[in-house]
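The structure under discussion appears below in the form of structure tokens.
Values in this text are rule-based calculations from the coordinates and carry no lab data. Values in this document were obtained by computation on a predicted structure and should not be read as measured data. Cβ placement follows ideal geometry from the backbone for every residue including glycine, while neighbour counts extend to all protein chains displayed.
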Amino acid sequence: GKTLRLILGDQLNQQHSWFGKKEGSVVYLMMEIRQETDYVQHHIQKVLAFFQSMRMFAQWLEKEGHQVIYLSIDHKENRQELGENIRFLIKKYNFKHFNYILPDEYRLDTQLRNICKQLEIETKSYDAEHFLSDRLAVKSFFSGKKTFLMESFYRSMREKYNILMDGKRPAEGKWNFDHENRNKFREETKIPPPPVFNRDIGPLLETIKKAGIKTIGEVDPKNFQWPCSREEALELLAHFCDKVLPHFGRYQDAMHSQNPFLFHSRLSFALNSKMLHPLEVIQNAAACQKQAPGKYGIAQVEGFIRQILGWREFMRGIYWAKMPDYALTNFFGHKRALPAFFWDGNTKMNCLHHAIKQSLDHAYAHHIQRLMVTGNFALLAGVDPDEVDQWYLGIYIDAIEWVEITNTRGMSQFADGGIVGTKPYVSSANYIDKMSDYCGSCHYSKTKKTGDKACPFNSLYWAFYERNREKLQNNPRIGFVYNTLSKMKQKDEILEQAERYLEKLDEL
Ligand code: FAD
Ligand code: SF4
């Protein structure tokens, strides 16, 4: 009998074993559906990148001789819902088998299992053949422990895949070169221009608009620079390894008002849509270091590899260990609404203005902007983690729940009470100024805690700790904060200043 095989929008893995064989009885199904465009308001570039990449993947499948049913968003037979489309097509073409690749989101995993339960034909699920650890690997690695330590998991992955190893020891004697990843960018090195992908995304943009999909953010349809095929993704990877990686680690945490991408790879979309395999990215970077250690210092390469072999796998493992309860966590009981300026960047706080504006323009901000500017502010201000999650899940090109929610709720908002991280990532203006050029031209004064034009981060920081004293004072990594706070002469004034700011967040 005939088999229908579903490929989701983030399963564009050309190397999957499904595609090695051509079978006349197999038909692949891909669909652009309102179910996926509407579960959160996405950035327009994110919808474009997914649809364009799916379309190019379907073309590749056909070129390889596979049969494909492609339901575009405006296809007249598109029911716009996963189960309805599957049931409709099974009936119409009399399929006898239904296959799918295990999805990465809890939401889709549950939905597909329910769909299969109701189907009267044989169903089967397959591994995604993408990640370097199983769904439940992190859960069993840390079984019985309250806190999951990324570093120990990462070391086990280095050993397992023999990456940057010197026999049983880490290359150059150390596992982690984090302390060498903390330079400010002073424009001393030129940022190499990325490859240009020539395409006009205008017609697809029209289709999306006509379908009535509500999106956020901006796009220049003549200049759409996200890789949308494996070939383009490989080109971006080669560019990164050749020209950018030699500087990666050094500027990993730096932020700059004129350079949204700095020395970051921008590979997250290609990885999360599975056009690239994490191991090929890691091995390419490791090979550079091995072949030309003079050009590629170990601190630059290790910093990059840690993100993919460590953090990315670790976050996915946390997700499967802790969902669905993870999505409900709110350790601090935060309830405030996200300030309106998150949607237009219209704030006098220069760091937030830049981090938000570039997110709206490019569907991109790098890790430290997400963590130490927008995330830091939302946490200090006590914003409801549901609202914070919705924002991150919509705005970024790489935002898929398994990696968005663990980073946002966990690492950034500490809503899980300390599963991903051992203490909340919060800071005053001091850290932002150390890592960026934002403070120099800001309306607010980075050194002032109280009074006219005092930087909001400075008072909100202390108010956050005061407010959450009960929950945090026994944390051994935080004790020093409460010592400082108790000795502070200006304490009452600072807390009053924070109160005034919290009352008018939208006006900051
Ligand atoms: P690079 O800096 O070049 O890093 C290389 C790769 O490492 C990335 O492509 C990514 O695949 C991986 N990586 C780096 N950091 C992390 C991390 N913390 N967790 C998992 N993988 C990581 N990343 C997403 O892919 N999707 C998200 O929805 C997402 N949401 C985030 C929300 C918050 C609040 C924070 C603090 C971080 C989030 N991240 C997310 C992690 C990180 O910010 C992005 O992966 C990174 O900025 C993507 O840009 P890049 O490809 O240029 O990364
Ligand atoms: Fe941000 Fe404060 Fe610096 Fe202004 S002074 S850029 S608000 S940290």
With x for Gly and Pro, the residue-by-residue ³J(HN,Hα) of the stretch 7-20, computed from phi through the Karplus equation 6.51 cos²θ - 1.76 cosθ + 1.60 at θ = phi - 60° and given in whole Hz, is 10, 7, x, 9, 10, 8, 9, 4, 8, 4, 4, 3, 8, x
Cα atoms only: what Rg and Dmax, in Å, come out for the stretch 340-507? 15.5, 46
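Per 0.36 nm of contour for each residue apart, how much would the distance between Arg500 and Gln473 grow if the chain were fully extended, relative to their Cα-Cα spacing?
On the way: separation 27, 0.36 × 27 = 9.72 nm, distance 2.47 nm.
Taking Arg500 through Gln473 to full extension adds about 7.2 nm, to one decimal.
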When the charge dipole of the chain is computed with +1 on Lys and Arg Cβ and -1 on Asp and Glu Cβ about the Cα centre, the Cα farthest towards its positive end, among Gly440, Ala327, Phe304, belongs to Phe304
Note on the stretch 1-146: alpha-carbon gyration tensor, axes a ≥ b ≥ c; rule is a/c under 1.5 for rounded, else prolate if a/b larger than b/c, else oblate; result rounded
Both in Å, the radius of gyration and Dmax of the C-alpha trace of the stretch 137-321 are 18.7, 58
Using Cα centres only, tell me the gap between the stretch 243-291 and the stretch 365-420 in whole Å. 21 Å
In the chain, what percentage of the DSSP-assigned beta bridges are antiparallel, given to the nearest 5? 10 percent
Would you list, by chain and number, the aspartates and glutamates whose Cα falls below 12 Å from the Cα of Lys184, excluding same-chain residues fewer than 8 positions away? Asp253, Asp433, Asp437
Helix 150-161 against the longest principal axis of the chain: what's the angle in degrees, Cα atoms only, rounded to the nearest 10? 40 degrees
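For the stretch 340-507, what is the charge dipole size about the Cα centre, in debye to the nearest 20, if Lys and Arg each add +1 at the Cβ and Asp and Glu each add -1 at the Cβ? Don't skip to the end; give the middle numbers.
Numbers: 19 positive and 22 negative charges, 186 e Å.
The calculation lands at about 900 debye.
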Which distance in Å, rounded to a whole number, links the C-alpha centroids of the stretch 1-46 and the stretch 464-485? 48 Å
Place a +1 charge on the Cβ of each Lys and Arg in the chain and a -1 charge on the Cβ of each Asp and Glu, then give the dipole magnitude about the Cα centre in debye, rounded to the nearest 20. 900 debye
Quick one: which residues, 5+ away or cross-chain, put their amide H under 5 Å from the amide H of Lys174? H built at 1.01 Å from N. none
Within the stretch 83-144, DSSP-loop GluC sites (Glu not before Pro) with at most 10 other C-beta atoms within 10 Å are Glu120
Please name which of Gly417, Tyr70, Leu393 has its Cα lying farthest along the dipole of the chain towards the positive end, using unit charges on Cβ (Lys, Arg +1; Asp, Glu -1) and the Cα centre as origin. Gly417
If the cut-off is a Cα-Cα distance under 16 Å, which lysines reach Lys22, setting aside same-chain residues fewer than 8 apart in sequence? Lys2, Lys63
Pairs over 27 Å Cα to Cα, from Lys146/Lys274; Lys434/Lys487; Lys46/Lys295; Lys222/Lys348; Lys168/Lys322; Lys117/Lys210, come to Lys146/Lys274; Lys46/Lys295; Lys222/Lys348; Lys168/Lys322; Lys117/Lys210
Which one of Asn475, Pro193, Asn223 has its Cα pushed farthest toward the positive end of the charge dipole of the chain, where Lys and Arg give +1 and Asp and Glu give -1 at the Cβ? Asn475
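Using the Kirkwood radius over C-alpha pairs as Rh, can you work out the diffusion coefficient of the chain via Stokes-Einstein at 4 °C, viscosity 1.567 mPa s, in µm² per second? Present the calculation step by step, with values, prior to reporting the outcome.
Values: Rh = 24.3 Å.
For these conditions, the coefficient is 53 µm²/s.
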Excluding residues fewer than 8 places away in the same chain, name every one of the aspartates and glutamates whose C-alpha is closer than 17 Å to that of Lys92. Glu77, Glu81, Glu84, Glu120, Glu122
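How much mean residue ellipticity at 222 nm does the chain get from its helices, if each DSSP H run of length 4 or more adds -39500 (n - 2.57) and you divide by all residues, to the nearest 500 deg cm²/dmol?
After summing the helix terms and dividing by the residues of the chain, the value is -11500 deg cm²/dmol.
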